[in-house]
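Notes for the one structure printed next.
The values are calculated or read from the model by the stated rules, or taken from the named source; none is laboratory data. Please read these numbers as outputs of a predicted model, since none were measured by experiment. Cβ placement follows ideal geometry from the backbone for every residue including glycine, while neighbour counts extend to all protein chains displayed.
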Amino acid sequence: MAAQSHAQEAYTMTVESNPAAVEGMTTYRFSVNMLDETDRLSAIYGNNEQGMALDAPSGVYNNAFNTTWNASGVNPLMLEMFPELVADTYATIGLEGPASASGLPNAEDPSLVEDSTQPISPFFQIDGETHVESNTVVGSSWFVLNDAENALPAADMRVLVMQVTTSGTLSGTLNAQVFPLGVSADRELLTFDFNGAGLYGEDGPLVDGCNDETACNFEEAATVNDGSCLYDDALGVCGG
């Protein structure tokens, strides 16, 4: 399971993985990590300038009891009778079920626009779908209006944007539109390439560790300094 464990200086995306409620499968949850509690996640999108892609070669799990592409079909009243519904593959903006059951004031189920020649909704509705691609001029997007409460980060400063359950690998590219401090005029367009669980920035995976080459415990793979660096003392003892 991936976790964010360092002071955040830029928008990032966390992909968490856990055993699914469906035997032999893994559920991946995608969240955009915000910088301020008033930041708003407006949309996830793909077009000819910033393509979106999802690849799940083994196919994704879509439960028949969620007849829509988003989380509004994951009805909490049905989970006791149909526990595998919780593993459904869906798109979302800050919701794990219908907006009406979220307890958030002014919550809003996301809307979808998609190019009819390159639709993305089948990935979230048809069991066994393997691929999403959105790279046309028209493009595709799921989004909420700027006053929707679920566009704001939860207590952990994350906004959930997608859940995918599959028995194999999962990789791709997601683009997010964020309104810093809720100001749409200052929008930021972010692109995250991912491959499985992890913490991702716009330049790729983020790895905590000591990235100071002068430290005696320098880690070549580290991309983010987590404060763990040690240095030789006067006697040449690392961390002494």
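Within the range 56-77, residues that are under 14 Å from residue 100 (Cα atoms) and in the same structural domain as residue 24 (by TED's automatic domain parsing) reach partners that are part of a loop (DSSP other than H, G, I, E, B) and of a type in the set (Asp, Glu) with beta carbons closer than 7 Å, at six or more positions or on different chains, in the pairs 70/109; 71/96; 72/109; 74/88; 74/96.
Let's see how each residue does on (1) more than 23 Å from residue 200 (Cα to Cα); (2) out of contact with any strand residue (DSSP E or B) (no Cβ under 9 Å at 6 or more places or on another chain):
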| residue | (1), (2) |
| --- | --- |
| 16 | no, no |
| 29 | no, no |
| 36 | no, yes |
| 47 | no, no |
| 57 | no, no |
| 81 | yes, yes |
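Pairs linking a residue in the range 159-174 that is in the same structural domain as residue 140 (by TED's automatic domain parsing) and closer than 13 Å to residue 90 by Cβ to a residue that is in a strand (DSSP E or B) and among the small types (Gly, Ala, Ser), with Cβ atoms under 8 Å and 6 or more positions apart or on different chains, are 160/31; 161/31; 161/91; 161/176; 162/91. A Cβ distance below 7 Å, combined with a sequence gap of six or more or placement on separate chains, defines the contacts here; from the range 1-20, residues that are modelled with pLDDT under 50 reach residues that are in a loop (DSSP other than H, G, I, E, B) in the pairs 1/197; 2/197; 5/226; 6/226. Just one of (1) touching a strand residue (DSSP E or B) at 6+ places or on another chain (Cβ under 7 Å); (2) exposed (fewer than 15 other Cβ atoms within 10 Å of the Cβ); (3) not assigned by TED's automatic domain parsing to the domain that holds residue 53 fails for residue 195. It is (3).
When the residues of the range 198-229 are filtered to those that are more than 22 Å from the chain's Cα centre (by Cα) and not in a loop (DSSP other than H, G, I, E, B), the one that is surrounded by the most Cβ atoms within 10 Å (Cβ to Cβ) is 209.
Out of the residues in the range 205-240 that are among the hydroxyl-bearing types (Ser, Thr, Tyr) and modelled with pLDDT of 90 or more, state the one that is nearest to residue 172 (Cα to Cα). So that I can check it myself, show each step before the final result.
Here is the first cut: in the range 205-240, the ones among the hydroxyl-bearing types (Ser, Thr, Tyr) are 214, 223, 228, 231.
With the extra rule that they be modelled with pLDDT of 90 or more, the set shrinks to 214, 228, 231.
Values: 214: 35, 228: 31, 231: 39 Å.
It comes out as 228.
Going by what's in this entry, would residue 193 be described as of a type in the set (Asp, Glu) and over 30 Å from residue 27 (Cα atoms)? No: the conditions fail for residue 193.
Does at least one position in the range 184-204 carry a residue that is in contact with a Gly (Cβ under 7 Å, 6 or more places away or on another chain) and either at pLDDT 95 or above or of a type in the set (S, T, N, Q) (or both)? Scanning the range 184-204, I find at least one residue that is in contact with a Gly (Cβ under 7 Å, 6 or more places away or on another chain) and either at pLDDT 95 or above or of a type in the set (S, T, N, Q) (or both), so the answer is yes. The set of residues in the range 155-176 being within 15 Å of residue 36 (Cα to Cα) and in contact with a Gly (Cβ under 6 Å, 6 or more places away or on another chain) consists of 159 alone.
Can you find a residue that is over 17 Å from residue 34 (Cα atoms), hydrophobic (A, V, I, L, M, F, W, C) and buried (at least 17 other Cβ atoms within 10 Å of the Cβ) anywhere in the range 177-191? No: zero hits.
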